[in-house]
1. Taking the stated definitions as given, is L157 in contact (Cβ under 8 Å) with a residue 24 or more places away in the chain, more than 17 Å from S13 (Cβ to Cβ) and not in a strand (DSSP E or B)?
2. Counting just the residues of the stretch 147-158 that are polar (S, T, N, Q) and surrounded by fewer than 18 Cβ atoms within 10 Å (Cβ to Cβ), which one comes out farthest from G111 (Cα to Cα)?
3. Only one of (1) within 20 Å of G168 (Cβ to Cβ); (2) open to solvent by less than 30 Å² (accessible area, probe 1.4 Å); (3) not basic (K, R); (4) not in a strand (DSSP E or B) fails for I42. Which number is that?
4. Among the listed residues I96, I71, which satisfies the condition of being surrounded by fewer than 19 Cβ atoms within 10 Å (Cβ to Cβ) and without any contact (Cβ under 8 Å) to a residue 12 or more places away in the chain?
5. Scan the stretch 114-128 residue by residue and report those that are assigned to a loop (DSSP other than H, G, I, E, B) and closer than 21 Å to P171 by Cα.
6. Output the residue which, of all residues in the stretch 99-125 that are within 21 Å of Y4 (Cα to Cα), surrounded by fewer than 16 Cβ atoms within 10 Å (Cβ to Cβ) and not polar (S, T, N, Q), is farthest from the chain's Cα centre (by Cα).
Amino acid sequence: MKIYFHLNLEGFSNCYVIVNELTSEAIIVDPGIITPQIIENIENGDYKLTGVLVTHNHGSHVHGLQTLRKIYSPKIFAADWEVAGNETSVLKDEGIIQIAGLTVGYTSVPGHTPDSMVYKIGSVLFTGDVISAGKIGSSNNKFSEKALIKNINEKILSQQDETILMPGHGPPTTVGAEKLFNISVNPPDSGRREKLDLD
């Protein structure tokens, strides 16, 4: 499996092209914008675009779907039916789907938005705006923020420390790094912060 990173300059959001070289298929995560480079990733490798995974229905993560659907006919997975209407394969709660010859786990992590979905392929989590390096997603109220933090701790930070997080904004990170340095989910005075062994 290969993962190609693309930055959407309009919304400073991340788009990922995941390629399964064994089956010559590809998946796109959060097509905020479709650039020539994204098309080149698919066409130069002669890959079939099998699916699109949407982490949540915000413009900077889905705006490119309209262009994408004019070129390809991928299956679209999201938690919000409005992403692509009747062409949306609506996901709920958590489960597993098989797409592009890959096993994709998904889990609902509401708080930033009600439809926020996190996807896991191998040891990589595509987290959308749920969590990014040193930050968590914005929330409309304290209740949603508390629910988001609880969900992050239970569903994301419970993974192996080496698990890679590919967020919707900003650089990649790991579960281990967020446990140590993300003060939104692990405040300095919580007593839960681990000490770095610098010896």
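The values are calculated or read from the model by the stated rules, or taken from the named source; none is laboratory data. From a predicted model like this one, the values you see are computed outputs, not experimental measurements. When we count neighbours, we look across all protein chains shown, and the Cβ atoms used for this are built from the backbone with ideal geometry, even at glycine. Quick note on the areas: whole protein, heavy atoms, side chains included, nothing else; ligands and nucleic acids left out. Shrake-Rupley method; radii C 1.70, N 1.55, O 1.52, S 1.80 Å.
1. yes
2. Here is the first cut: in the stretch 147-158, the ones polar (S, T, N, Q) are 151, 153, 158.
Then keep just the ones that are surrounded by fewer than 18 Cβ atoms within 10 Å (Cβ to Cβ); that gives 153, 158.
Details: N153: 13, S158: 18 Å.
The residue in question is S158.
3. For I42, the failing item is (1).
4. Numbers: I71 fails: without any contact (Cβ under 8 Å) to a residue 12 or more places away in the chain.
So the residue among I96, I71 that is surrounded by fewer than 19 Cβ atoms within 10 Å (Cβ to Cβ) and without any contact (Cβ under 8 Å) to a residue 12 or more places away in the chain is I96.
5. Quick first cut of the stretch 114-128, residues assigned to a loop (DSSP other than H, G, I, E, B) only: 114-116, 122-123.
Of everything in the stretch 114-128, those that are assigned to a loop (DSSP other than H, G, I, E, B) and closer than 21 Å to P171 by Cα turn out to be S116, G122, S123.
6. In the first step, residues of the stretch 99-125 are kept if they are within 21 Å of Y4 (Cα to Cα); the result is 99-106, 117-125.
Those left that are additionally surrounded by fewer than 16 Cβ atoms within 10 Å (Cβ to Cβ): 101, 103, 105, 122-123.
Then drop every residue that is not not polar (S, T, N, Q), which leaves 101, 105, 122.
Numbers: G101: 19, G105: 11, G122: 13 Å.
Residue satisfying both the conditions and the ranking: G101.
Residues are listed down the side, and each one gets a yes or a no for (1) at pLDDT 95 or above; (2) closer than 20 Å to E145 by Cβ:
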position: D161; (1), (2): yes, no
position: M166; (1), (2): yes, no
position: P171; (1), (2): yes, no
position: G176; (1), (2): yes, no
position: D189; (1), (2): no, yes
position: R193; (1), (2): no, yes
position: D199; (1), (2): no, no
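So that you can scan it fast, the table gives a plain yes or no per residue for (1) in contact with a strand residue (DSSP E or B) (Cβ under 6 Å, 6 or more places away or on another chain); (2) more than 23 Å from H169 (Cβ to Cβ); (3) modelled with pLDDT under 95; (4) of a type in the set (S, T, N, Q):
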residue: L9; (1), (2), (3), (4): no, no, yes, no
residue: I27; (1), (2), (3), (4): yes, no, no, no
residue: Q66; (1), (2), (3), (4): no, no, yes, yes
residue: G85; (1), (2), (3), (4): no, yes, yes, no
